[in-house]
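One structure is given below, encoded as structure tokens.
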Amino acid sequence: MSAEQILNEINECIYNADLDGVEDNIDILTELLPDEEASKELSMLLFQNYTSFKAGSLAKMMEVIIRKRPQLALLKHPENFLFRVAIIKGSFELYECYIEEAVEPFLANQDADEQEIYYGDLMSITESLTEAFFPQYETCKKGLHYNGAFATAEDNPNVLLINRDNYEVMEEVMEKYNTIIGRRDIIQDLNKRAGLIE
């Protein structure tokens, strides 16, 4: 099997929340690709499948990946691909998984100063990614970017009918909002871990 076929299988496993399938295919993938490329490709799959609704199951997928092959989460520090997907998506769930499964075990035998430096490095990347993405967010105004409900359901006046396009705009706005809040929470947690605030 080619790496592309294995990645397609892993993508299907992620989509279907098949933890065993992901675990089984990690070994095959890491035989076909160097660790850095495998880490990058797996991160892209998590990125492509991510929504805040699926954050918990994708964090579990990340946990399976890291437990199966811990070095995938440690290479290229502090710009690790798995860490970056958590920051780019503003997912506190992915971030927590990364910290608990990769960083804390790695730092377990380090002294407090080395731990703070490590977290400080992660903090720098988080802040630079946040600064890079923040200007890309634009205001979204009713009447310009979307319309409100156009009717109520005949049998239930509490049910509003809206166009699919409007619903998709609202979903996108909600995802962006959750991304901003998630990054805020990640930055606050990293500040504490780096010893910058109590």
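The values are calculated or read from the model by the stated rules, or taken from the named source; none is laboratory data. None of the values given here were measured: they were computed from a predicted structure. Please note: Cβ atoms are built from the backbone with ideal geometry, for glycine as well, and neighbour counts cover all protein chains shown. Accessible surface areas use protein heavy atoms only, side chains included; no ligands, DNA or RNA. Shrake-Rupley method; radii C 1.70, N 1.55, O 1.52, S 1.80 Å.
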Could you give me the residue pairs with C-beta distances under 8 Å whose first residue belongs to segment 157-174 and is without any contact (Cβ under 8 Å) to a residue 24 or more places away in the chain, whose second residue is surrounded by 13 or more Cβ atoms within 10 Å (Cβ to Cβ) and of a type in the set (Phe, Trp, Tyr) wherever it lies, and which are 6+ apart or on separate chains? ASP165/TYR146; ASN166/TYR146
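Looking only at segment 64-116, which residues are among the hydroxyl-bearing types (Ser, Thr, Tyr) and without any contact (Cβ under 8 Å) to a residue 40 or more places away in the chain?
So in segment 64-116, the residues among the hydroxyl-bearing types (Ser, Thr, Tyr) come out as 91, 95, 98.
Across segment 64-116, the qualifying residue is only TYR98.
Quick grid of which residues meet (1) under 20 Å from GLU4 (Cα atoms); (2) modelled with pLDDT of 95 or more; (3) surrounded by fewer than 16 Cβ atoms within 10 Å (Cβ to Cβ); (4) not aliphatic (A, V, I, L, M):
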site: ASN49; (1), (2), (3), (4): yes, yes, yes, yes
site: GLY56; (1), (2), (3), (4): no, yes, yes, yes
site: ALA59; (1), (2), (3), (4): no, yes, no, no
site: MET62; (1), (2), (3), (4): yes, yes, no, no
site: ILE65; (1), (2), (3), (4): yes, yes, no, no
site: ARG69; (1), (2), (3), (4): yes, yes, no, yes
site: ALA73; (1), (2), (3), (4): no, yes, no, no
site: PHE81; (1), (2), (3), (4): yes, yes, no, yes
site: ALA86; (1), (2), (3), (4): no, yes, no, no
Residues being open to solvent by less than 60 Å² (accessible area, probe 1.4 Å) and either under 26 Å from ALA108 (Cα atoms) or touching a Phe, Trp or Tyr at 6+ places or on another chain (Cβ under 8 Å) (or both): count how many of those fall in segment 181-193. 8
Being exposed (fewer than 15 other Cβ atoms within 10 Å of the Cβ), polar (S, T, N, Q) and assigned to a helix (DSSP H, G or I) is the filter here; which residues of segment 6-18 pass it? ASN8
Subset tally (residues that are loosely packed, with under 12 Cβ neighbours inside 10 Å and closer than 19 Å to ILE87 by Cβ) for segment 129-173: 5
